[in-house]
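The values are calculated or read from the model by the stated rules, or taken from the named source; none is laboratory data. All of these numbers come straight from a predicted model, not from anything done at the bench. Because the Cβ atoms are built from the backbone with ideal geometry, glycine has one as well, and the counts that use them run over all protein chains shown. Surface areas here come from the heavy atoms of the whole protein model, side chains and all, with no ligands, DNA or RNA. Shrake-Rupley method; radii C 1.70, N 1.55, O 1.52, S 1.80 Å.
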Amino acid sequence: ERRQFFIENMDLFGSFGTSRINPFFSRRIGSGYNEVTEENQQVPIIFGARLNGKLDNNWRLGVMNMQTAKKDEIPAFNYSVAVLQRKMFSRSSLGLIIVNKETLSAPDSLELAPYNRVIGVDYNLASENNNWNGKVFYHQALTPENADKQFAHGAWLEYEQLNYSIRWQHSYVGEN
């Protein structure tokens, strides 16, 4: 991501999941798939608003809303994301994320779900001496079909010393 609007406080919005299992990826905003030409195209962003910051020493809040315009066969979308993060112990945190992508102008000819929502919780572990680091997360997709297996979960734990490190990692994405 190189757009300044999305870079500021991205650790709050973009730290959920892993690099390959991420419920919010800002680079998708402003790009859409044209089903007629079968190509990705840039679409105009009409407006965007973000409010984020510390509520106190232990709590952070972030809320973002973006609206794209309809372009050719690509419908207009509204993107919303809300994050609440609580600092725990000396360097760990617990976070909650809610993501919503909703179409506002999809023609009936497109087989497009009217919305896609994800709710997730992540716990980030970081020991005071930085020897132990890790994460555990669970994300649940909410779509109109309410199909089974619309989830992702994962965990990793790492112990690191000066000359060696040991790491265990697990991740799983449901079929739907």
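Rounded to the nearest whole Hz, the Karplus-based 3J(HN,Hα) values (6.51 cos²θ - 1.76 cosθ + 1.60, θ = phi - 60°) of segment 119-128 follow the sequence 10, x, 9, 10, 10, 9, 9, 8, 5, 4, with x at glycine and proline.
Residue ranking by accessible heavy-atom surface, 1.4 Å probe, largest first, among Thr68, Thr18 comes out as Thr18, Thr68.
Using 0.36 nm per residue and subtracting the Cα-Cα separation, the extra length available between Gln161 and Leu51 on full extension is 35.7 nm.
Which of the lysines could a cross-linker bridge to Lys135, judged by Cα under 19 Å and excluding same-chain residues fewer than eight apart? Cross-link targets: Lys87. Each residue, Arg27 and Tyr123, gets one label point 7 Å from its Cα in the Cβ direction; the gap between the two is 3.1 nm. Centre-to-centre, using Cα atoms only, segment 78-139 and segment 145-170 are separated by 16 Å. Helical content alone sets the calculated 222 nm signal of the chain at -500 deg cm²/dmol, taking -39,500 (n - 2.57) per DSSP H segment of four or more residues and averaging over every residue.
Looking at segment 28-164, the accessible area is 60 square angstrom per residue; that uses a 1.4 Å probe and ignores ligands, DNA and RNA. Placing unit charges on the Cβ atoms only, positive for Lys and Arg and negative for Asp and Glu, gives the chain a dipole magnitude near 720 debye about its Cα centre.
Rounded, prolate or oblate: which fits segment 126-176, taking a ≥ b ≥ c as square roots of the Cα gyration tensor eigenvalues, rounded meaning a/c under 1.5, else prolate when a/b beats b/c? Taking the square roots of the gyration eigenvalues as a ≥ b ≥ c, segment 126-176 is prolate. Could you check the spin-label model distance between Phe5 and Trp168? Points 7 Å from the Cα along Cα→Cβ, value in nm. With each label point 7 Å from Cα toward Cβ, the separation is 4.4 nm. Altogether, the Stokes-Einstein calculation at 20 °C and 1.002 mPa s, with the Kirkwood radius of segment 19-103 over Cα pairs as Rh, returns a diffusion coefficient of 146 µm²/s.
Placing R0 at 25 angstrom, the Cβ-Cβ distance between Val63 and Asn34 gives a FRET efficiency of 0.25 after rounding to 0.05. Shape class for segment 72-150, computed from the alpha carbon gyration tensor (a ≥ b ≥ c): prolate, with a/c not under 1.5 and a/b above b/c.
Using 0.36 nm per residue and subtracting the Cα-Cα separation, the extra length available between Leu96 and Gln140 on full extension is 14.7 nm.
Taking every C-alpha pair closer than 8 Å and separated by at least 6 residues, the mean separation divided by the residue count of the chain gives a relative contact order of 14 percent.
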